[in-house]
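Every number in this text was worked out from the coordinates using simple rules, so none of it is lab data. Every value quoted in this text rests on a predicted model; they were computed, and no experiment measured them.
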Amino acid sequence: MAGTTANVLVGGASKVEVAAYLASKVVSLTYTDIGYTMGGVTLDPKIELYNVEIDQALGILAAIPKKRDFAVKFRFAEVNMENINVLWNSPTVVITTAATTATFSLMASAGEQYVQMRLTGKGTRGAGTRTCIFWRVVPKDLGTILFKKDDIQGPEVTWQVCEDTSGANTTATYGTIVDT
C-alpha cells in the first residue's frame, strides 16, 4: 500500500475562534480568538443507526441513519471573563469592565445563545491550512473550573454542533472543512 507522507498531519489547532451566530450560513467577519487551549481539539461525529433485522436472516440487512450528532471538545487554557461568558453561554451584556476590574454576572435564565466557531490548523492542500467552520454551536458539557495549586483553571468544554437548515446551502448543515 502506497501512502503520502504529506497527508499525515501532526499538531494541534493553531486557533479557536467564536463569533455571533449568523443565520443562512454566512461566514462571520468578526471572530474572537479564545486564546490558548490545552490537550488538542477533538471533532467527534457520531451516527446512530436503525438496524434492519428479519427472522429469515442472521445478519443485519441494512443500517439506516436515524440520528447524527457532532461535537467539538477542547480545554480552555485562558479563563478570562470573556471566555467565561462564552463557555457559560451568556449574553455579552453581563460583563462590565473598568480599568482594573471585570465583573461577570451569571444569568440562570438566559435563553438560546448560539455561536459560530472557526478552527484553524494544518491542512494538506495549497498553503497547508485547514479551516473548520461550524455554523451553529452551543456549549453542552461545561467541565469544571479548578482552583488548585498544581493545575490551571481552564475547563474542558464539549460544544454541541447543531444542524443549521437556514440558507441556500443544503449540503453543509453542520459547517465546512476546507484545506487551502
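With N residues in the range 105-180, what two-decimal value do you get for its Cα radius of gyration over 2.2 N^0.38 Å?
On the way: Rg = 16.5 Å, N = 76, 2.2 N^0.38 = 11.4 Å.
Against the compact-globule rule of thumb, the ratio is 1.45.
When the Kirkwood hydrodynamic radius is evaluated over all pairs of different C-alpha atoms of the range 38-180, what value in angstrom, to one decimal, is obtained?
On the way: mean 1/r = 0.0549 Å⁻¹.
Taking the inverse mean of 1/r over all distinct Cα pairs, the range 38-180 comes out at 18.2 Å.
Show me, for the range 123-136, the HN-Hα J-couplings you get by feeding each phi into the Karplus relation (A = 6.51, B = -1.76, C = 1.60, θ = phi - 60°), rounded to Hz, glycine and proline as x.
Here the 3J(HN,Hα) series is x, 10, 10, x, 7, x, 10, 10, 10, 10, 10, 10, 5, 9 Hz.
Non-local amide H neighbours of K140 (under 5 Å, H modeled in plane, Pro and chain starts lacking H): which ones?
T158, W159, Q160
Kirkwood hydrodynamic radius (Cα pairs, Å) of the range 132-176? Before the final figure, lay out each step's value.
Values: mean 1/r = 0.0793 Å⁻¹.
Averaging 1/r across every pair of different Cα atoms and inverting gives 12.6 Å.
Looking at this model, which pairs from K66/K122; K25/K67; K25/K140; K122/K148; K67/K140 are more than 28 angstrom apart at the alpha-carbon?
Pairs exceeding 28 Å: K66/K122; K122/K148.
Please identify, among E17, E53, E156, the residue showing maximal mean-square fluctuation in a Gaussian network model of the chain using a 10 angstrom Cα cutoff.
Result: E53 has the largest fluctuation of those listed.
Expressed as a whole percent, how much of the Cα-Cα distance distribution for the range 97-140 exceeds 13 Å? Walk me through the intermediate numbers first.
Working: 684 of 946 pairs.
Considering the range 97-140, 72 percent of its Cα-Cα pairs are separated by more than 13 Å.
Quick one: Karplus J couplings for the range 162-173, per residue in order, coefficients 6.51, -1.76, 1.60, θ = phi - 60°, nearest Hz, x for Gly and Pro?
Along the range 162-173, the couplings run 9, 5, 10, 9, 7, x, 7, 6, 8, 9, 10, 7 Hz.
May I ask for log10 I(q)/I(0) of the range 1-119 at q = 0.09, 0.17 Å⁻¹, from a Debye sum over the Cα atoms as equal point scatterers with solvent left out?
These q points yield log10 I(q)/I(0) values of -0.45, -1.03.
Of T103, T158, T37, which is the most mobile in a GNM of the chain whose springs link Cα atoms less than 10 angstrom apart?
Maximum among the listed residues: T103.
Quick one: pull the percentage of alpha-carbon pairs in the range 13-83 with a separation above 18 Å. The partial results should precede the final answer.
Values: 1565 of 2485 pairs.
Roughly 63 percent, rounded to a whole number.
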